[in-house]
Amino acid sequence: MRRLLVLAAMPLMPLSALAQNDRLEKEFLRPPASVQTSVYWYWISGDISHEGVIRDLEAMKKVGINRAFIGNIYDGEYKAGRNVPLMSEEWWSILHTALKKATELDIEIGIFNSPGWSQSGGPWNKPEQSMRYLTASEIRVEGPRRLDTLLPRPPGSIHDVRLIAYPAGAADAVLLDPSNARISLEPAVLNEMNEGSSLNVVSVFDKNRELGMRLPRDTTVTITLEAAQPFTARSITVYPLHTTIHADFEVQALKNGSYQTISKFNINWYNLSTNVGFQPFAPVVISFEETTASFFRIVATNHHNKGGIAELELSAAPRVENYAQKTFAKMFQEPLPQWDYYMWRRQPEPSDPSLVIQPGSVIDITRHLGEDGHLSWQIPAGKWVILRTGMAPTGVTNSPAAPEATGPEIDKLNKEHVAWHFDAFIGQILKRIPAADRKTFRVVVQDSYETGGQNFTDHFLSSFRQKFGYDPLPYLPAYFGQVVGSQLQSDRFLWDVRRHIADLVAYEYVGGFRELSHQHGLRTWLENYGHWGFPAEFLQYGGQSDEVAGEFWAAGDLGNIEN
């Protein structure tokens with residue numbers, strides 16, 4: 001049998017492909033100037049010198065690095081050979097040397113817009129220019145009569161926003177507590193376990209939102225409330241002790257001879273950093289279908305060595321569920337929130353409209369408030385709540401930065417404050433170092449966002465009204481869990497608040513930095529993501545920068561959030 005032998009000839013590689021490979025090999029060994037081989041150039045804990053920055057730059061040039069981003073980073077554990085304080089005369093002199101040498105070597109320089117890598121803060125920023133949130137204090141009055149009184153300042157407030165008054169709801173302050181119920185605790189042995197805390201379950205109904213009852217680990221604790229008269233409950237608020245807590249809760253009502261569950265929820269506040277919320281011990285609010293009963297139980301199982309309850313409020317009034325999370329007072333505890341974390345269920349609406357605040361009934365009485373906090377006002381007939389709102393700093397600072405270089409994070413919602421911060425650091429570099437010696441300083445760097453949320457700023461009310469076409473003032477009580485109009489209206493308002501904040505972070509903060517940088521012939525470079533409490537949208541946020549970048553981690557829990 002004849003066998004047919006077929007030979008398949010391999011095509012020869014074209015000369016053009018060989019030339020391309022040769023070019024790639026040469027350019028890999030000696031990258032052309034058009035290829036930006038970049039490094040973070042951390043000046044750690046002030047351990048810098050004239051000789052050191054020169055040798056660093058010469059070494060970069062030798063191996064083809066032609067772009068370096070200077071970050072003034074502080075590591076408390078690093079035992080520096082030298083410690084040159086930021087913005088001291090020696091520091092300025094060394095920075096001048098570095099920029100001049102980089103110009104000679106044609107190495108492009110970027111400088112972090114503030115000390116540390118996150119994110120835009122420093123000691124030059126004043127509290128009234130920092131990231132802030134809406135806070136409030138309230139009093140309850142009854143009219144008609146003339147009121148002359150000194151109002152309590154809102155907690156942490158540095159200046160007033162608006163003073164408003166609204167009619168008290170029919171069940172606004174109606175709670176099931178020792179005044180109208182008998183309260184018992186099981187197991188009784190729990191009292192012996194509460195070292196250093198109250199031994200009486202009544203301590204969680206005493207209006208003290210800081211001290212209360214610790215919960216033993218892995219023990220189911222049941223608090224029973226026997227109402228003197230049938231009670232209609234619509235919400236529960238849990239104020240945790242000022243420590244970490246991880247516990248399951250269940251609210252039950254005695255119906256038809258047996259306890260039935262009307263709500264189940266979990267509290268897991270284990271990250272108490274202000275970077276994940278400016279109220280580390282924020283209350284947890286849960287709403288449920290209105291339930292009338294004579295016996296209620298709150299069942300708690302603690303899963304942590306610490307944790308407990310400072311205050312419980314089983315209320316006849318509806319409340320905005322999870323309002324602390326909806327206003328950024330308490331945010332996701334880890335770097336990467338799941339896609340549905342900031343999505344909330346629709347709330348049950350109360351059957352009686354008198355249980356909620358009607359927007360048209362809210363009165364702005366700011367003009368009656370003196371600078372010293374004294375209020376002189378003619379109270380209309382009926383029971384009223386007077387809410388004094390103010391702005392308080394979140395307390396977040398830039399990090400990791402040396403003590404002398406640490407200060408408030410600048411307001412992320414206001415271009416005017418962003419400009420102040422820019423001028424105080426980058427602007428000083430432009431003023432102090434001659435243009436001829438900083439020709440290759442071209443980039444302003446903004447690293448990852450790790451500074452948490454804020455929910456208010458100067459002119460927030462007016463910019464909100466202009467954007468959304470309605471007055472936000474009547475809805476301000478929703479910031480504090482009060483239902484205004486309806487549960488749906490309140491949630492929609494708080495959605496608009498978060499939408500406005502995300503837009504301002506993108507356009508006022510990142511966009512503001514870009515505009516300021518362009519005015520001085522600089523570009524912006526931004527890590528297009530944030531963790532530990534990011535109040536905006538990655539794509540919109542990054543879209544306002546000239547360049548964007550990201551990072552990923554092969555180990556630990558940071559992962560690849562920006563991807």
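The values are calculated or read from the model by the stated rules, or taken from the named source; none is laboratory data. It should be emphasised that the depicted structure is a prediction, and the values quoted were computed from it without experimental measurement. Ideal geometry is used to build each Cβ from the backbone, glycine not excepted, and the neighbour counts take in all protein chains shown. Side chains are part of the model used for accessible areas, which takes the heavy atoms of the whole protein and leaves out ligands, DNA and RNA. Shrake-Rupley method; radii C 1.70, N 1.55, O 1.52, S 1.80 Å.
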Charge dipole (the range 107-227, unit charges on Cβ, about Cα centre) - positive-most of Leu176, Pro154, Leu211: Pro154
Interchain or long-range residues, amide H under 5 Å from Ser263's placed H: Val251
Under a Cβ-only charge scheme (Lys and Arg +1, Asp and Glu -1), can you give me the dipole magnitude of the chain about the Cα centre, in debye to the nearest 20? 880 debye
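In the range 480-563, how does Rg compare with the Kirkwood Rh, expressed as the Rg/Rh ratio over alpha carbon atoms?
1.12
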For the Arg30, Glu104 Cβ pair and Förster radius 25 Å, calculated FRET efficiency rounded to 0.05 is 0.80
When the convex hull of the Cα atoms of the range 303-347 is projected onto a plane and the area is averaged over all directions, what value comes out in nm²? 5.1 nm²
I need the P(r) histogram for the range 314-397: all alpha carbon pairs, bin width 5 Å from 0 out to the longest distance, whole percents. 2, 8, 14, 15, 15, 16, 14, 9, 5, 2, 0
Thr37 to Thr261: extension gain in nm, 0.36 nm per residue of separation minus the Cα-Cα distance? 74.5 nm
Listed by chain and number, the residues whose amide H is under 5 Å from that of Ser118, excluding neighbours fewer than 5 places away on the same chain and using placed H, are Ser399
Which of the lysines could a cross-linker span from Lys467 if the Cα-Cα distance has to be under 21 Å and same-chain partners fewer than 8 positions apart are dropped? Lys326, Lys412, Lys415
For the range 149-165, Karplus couplings with θ = phi - 60° (6.51, -1.76, 1.60), whole Hz, Gly/Pro x: 7, 8, 7, x, 6, x, x, x, 5, 10, 6, 6, 10, 9, 10, 10, 9
Protein accessible area in the range 340-458, 1.4 Å probe - carbon and sulfur %: 53 percent
Ordering of 322-332, 153-163 by burial proxy (mean other Cβ atoms within 10 Å per residue, highest first): 322-332, 153-163
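Residue separation times 0.36 nm, minus the C-alpha to C-alpha distance between Gln519 and Asp248: what's the value? Don't skip to the end; give the middle numbers.
Details: separation 271, 0.36 × 271 = 97.56 nm, distance 5.43 nm.
Residue separation times 0.36 nm, minus the Cα-Cα distance, leaves 92.1 nm.
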Note: probe point = Cα of His159 + 7 Å toward Cβ; backbone nitrogen < 11 Å; residues of the range 451-478 passing the test are 458-459
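For the range 410-516, what is the relative contact order in percent, using Cα pairs closer than 8 Å and at least 6 residues apart in sequence? Don't skip to the end; give the middle numbers.
Values: 63 pairs, mean separation 47.1, N = 107.
Relative contact order comes out at 44 percent.
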Could you point to the residue in Pro335, Ala19, Gly543 farthest towards the positive end of the chain's charge dipole, with +1 and -1 charges on the Cβ of Lys/Arg and Asp/Glu respectively? Ala19
If amide H atoms are modeled at 1.01 Å from N in the peptide plane, then the residues at a separation of 5 or more from Asn66, or on another chain, having amide H under 5 Å from its own are Thr37
Just the accessible area per residue of the range 406-479, please: how many Å² with a 1.4 Å probe? 33 Å²
Tell me the Kirkwood hydrodynamic radius of the range 412-563 in angstroms, computed as one over the mean inverse distance between distinct C-alpha pairs. 17.4 Å
Taking the solvent-accessible surface of protein heavy atoms with a 1.4 Å probe, what is the per residue accessible area of the range 32-172 in Å²? 45 Å²
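Of the accessible area of the range 253-294, with the probe set at 1.4 angstrom, what percent is carbon plus sulfur?
Numbers: 860 of 1890 Å².
Accessible surface attributable to carbon and sulfur in the range 253-294 totals 46 percent.
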Inter-label distance for Asn208 and Asn180, nm, one decimal - labels placed 7 Å from Cα along Cα-to-Cβ: 2.5 nm
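For the chain, what is the relative contact order in percent, using Cα pairs closer than 8 Å and at least 6 residues apart in sequence? Display every interim value, and only then the final one.
Details: 1254 pairs, mean separation 117.6, N = 563.
Dividing the mean separation by the residue count of the chain yields 21 percent.
For every helix of n ≥ 4 consecutive DSSP H residues, a contribution of -39,500 (n - 2.57) applies; sum these over the chain, divide by its total residues, and give [θ] at 222 nm rounded to the nearest 500 deg cm²/dmol.
On the way: 10 runs with 113 residues, N = 563.
About -6000 deg cm²/dmol.
So what is the diffusion coefficient of the chain in µm² per second by Stokes-Einstein at 10 °C and 1.306 mPa s, using a Kirkwood Rh over Cα pairs?
Working: Rh = 27.2 Å.
Once the numbers are plugged in, D ends up at 58 µm²/s.
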How many nm separate the modelled label positions at Arg367 and Asp148, each set 7 Å beyond the Cα in the direction of the Cβ? 2.1 nm
Under Karplus coefficients 6.51, -1.76 and 1.60, residue-wise ³J(HN,Hα) of the range 341-357 in Hz, glycine/proline x: 5, 9, 10, 10, 5, 6, 8, x, 8, x, 6, 10, x, 6, 7, 10, 7
With each pseudo-label sitting 7 Å past Cα toward Cβ, what's the Ile139-Tyr341 distance in nm, one decimal? 4.1 nm
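Tell me the relative contact order for the range 34-87 as a rounded percent, counting alpha carbon contacts under 8 Å between residues six or more apart.
On the way: 64 pairs, mean separation 30.3, N = 54.
It comes to 56 percent, rounded to a whole number.
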Vicinal HN-Hα couplings computed from phi for the range 290-303 (Karplus, 6.51 cos²θ - 1.76 cosθ + 1.60; Hz; Gly/Pro x): 4, 10, 9, 7, 9, 10, 10, 10, 10, 10, 10, 10, 8, 10
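Which value, in Å², gives the accessible area per residue of the range 259-310 when a 1.4 Å probe is used on the protein heavy atoms?
Details: 2010 Å² over 52 residues.
Each residue of the range 259-310 exposes 39 Å² on average to a 1.4 Å probe.
So for the range 198-329, what percent of the C-alpha to C-alpha distances run longer than 22 Å? The partial results should precede the final answer.
Numbers: 2979 of 8646 pairs.
It works out to 34 percent of all Cα pairs.
Treat every Asp and Glu Cβ in the range 475-563 as -1 and every Lys and Arg Cβ as +1, leave all other atoms uncharged, and give the resulting dipole magnitude about the Cα centre to the nearest 20 debye.
Dipole of the range 475-563, to the nearest 20 debye: 280 debye.
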On a full-extension model of 0.36 nm per residue, what is the gain between Arg492 and Glu289, subtracting their alpha-carbon distance, rounded to one decimal in nm? 71.1 nm
Which percent of Cα pairs goes in each bin when the distances of the range 38-124 are cut into 5 angstrom slices starting at zero? 3, 14, 25, 26, 19, 10, 2, 0
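Based on the mean of other Cβ atoms within 10 Å per residue, sort peptides 301-308, 393-400 so the most packed one is first.
Details: 301-308: 18.0, 393-400: 22.4.
Most protected by this proxy first, the peptides run 393-400, 301-308.
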Distance between Cα centroids, the range 384-417 to the range 156-190: provide it in whole Å. 29 Å
Rg from C-alpha atoms of the range 69-112, normalised by the globular rule of thumb 2.2 N^0.38 Å, equals 1.30
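Note down the magnitude of the dipole of the range 50-122 about its Cα centre, charges +1 on Lys and Arg C-beta and -1 on Asp and Glu C-beta and zero elsewhere, to the nearest 20 debye.
My answer is approximately 140 debye.
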